[in-house]
Every structure is written in C-alpha cells, then in structure tokens.
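Have a look at the structure below, then the notes.
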Amino acid sequence: MKLSKDILDELRKEIDSIDSRLLKLFNKRAHRAIEIGVIKSNENQEIYDPDREREIIRKMLQQNEGPLDEKAVIGLFQRLIDESRRVEKNAGKTKT
C-alpha cells in the first residue's frame, strides 16, 4: 500500500506535467493571437471583438465536463482572452 506522501508526490508530478503541456498550448495560442493581431492591424480592424469573446466562452461552457463550475470556466477564459487581446494589440503596434 502506498503512503499518502507517495500518492501526493505522484499527483504533483502529474500536475507539473499537465502545467507544462498547458504552457505549450498557451504559447501556441499566443502565437496565433500575434498573427491575428498583425492581420487586424493591417486591415485596420478593431482588436476588441466582444461577440467573438462571448462566443469563445459560450463554446467552452458547452464543452465543460467539470469539476470546474461555470464561474471558474468564465474566469479562466476571460483571463486568457484578456491576454490574447493584449498580445494582438502589441503585435499590431509592431507590424512592418
């Protein structure tokens, strides 16, 4: 039988692995946001698109299988969308 400490260590290693994969995905998402920011800037489009942002959150809520509740999912994706918007805006400022 495993000791609690051993179980905790295994769970923490798994979380560390998940966090590493999430970071890679967040960075991949940021790269796409940069590309979007450059395109929007080149076409003089607004960075802020409230309809698109609502659609992202709506889709994520539909896909949520828990244990995160609706409030948690909304909060996480609002923060992610805020960061994407910042990246898009900065990409547009540095267009060539």
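For region 49-61, state whether one or more residues are charged (D, E, K, R), part of a loop (DSSP other than H, G, I, E, B) and surrounded by fewer than 10 Cβ atoms within 10 Å (Cβ to Cβ). Show your work before the answer.
Filtering region 49-61 down to residues charged (D, E, K, R) leaves 49, 51-55, 58-59.
Going one step further and asking which of them are part of a loop (DSSP other than H, G, I, E, B), we end up with 49.
After this cut, where a residue has to be surrounded by fewer than 10 Cβ atoms within 10 Å (Cβ to Cβ) as well, the list is none.
There is no residue in region 49-61 that is charged (D, E, K, R), part of a loop (DSSP other than H, G, I, E, B) and surrounded by fewer than 10 Cβ atoms within 10 Å (Cβ to Cβ).
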May I ask you to verify whether I74 is within 11 Å of the chain's Cα centre (by Cα), part of a helix (DSSP H, G or I) and of a type in the set (A, V, I, L, M)? no
Within region 31-48, how many residues are farther than 14 Å from R86 by Cα, touching a residue at least 12 places away in the same chain (Cβ under 8 Å) and in a loop (DSSP other than H, G, I, E, B)? 0
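Each row is one residue, and each column tells you yes or no for (1) on the phi < 0 side of the Ramachandran plot; (2) surrounded by 11 or more Cβ atoms within 10 Å (Cβ to Cβ); (3) modelled with pLDDT of 95 or more; (4) aromatic (F, W, Y).
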position: S17; (1), (2), (3), (4): yes, no, yes, no
position: I39; (1), (2), (3), (4): yes, yes, no, no
position: V73; (1), (2), (3), (4): yes, yes, yes, no
position: L76; (1), (2), (3), (4): yes, yes, yes, no
position: R79; (1), (2), (3), (4): yes, no, yes, no
Region 1-15 - residue that is assigned to a helix (DSSP H, G or I) and not acidic (D, E) and, of those, modelled with the lowest pLDDT: K5
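The values are calculated or read from the model by the stated rules, or taken from the named source; none is laboratory data. No experiment lies behind these values; they were computed from the predicted model shown. Here the Cβ is made from the backbone with ideal geometry for all residues, glycine too, and neighbour counts use every protein chain on show.
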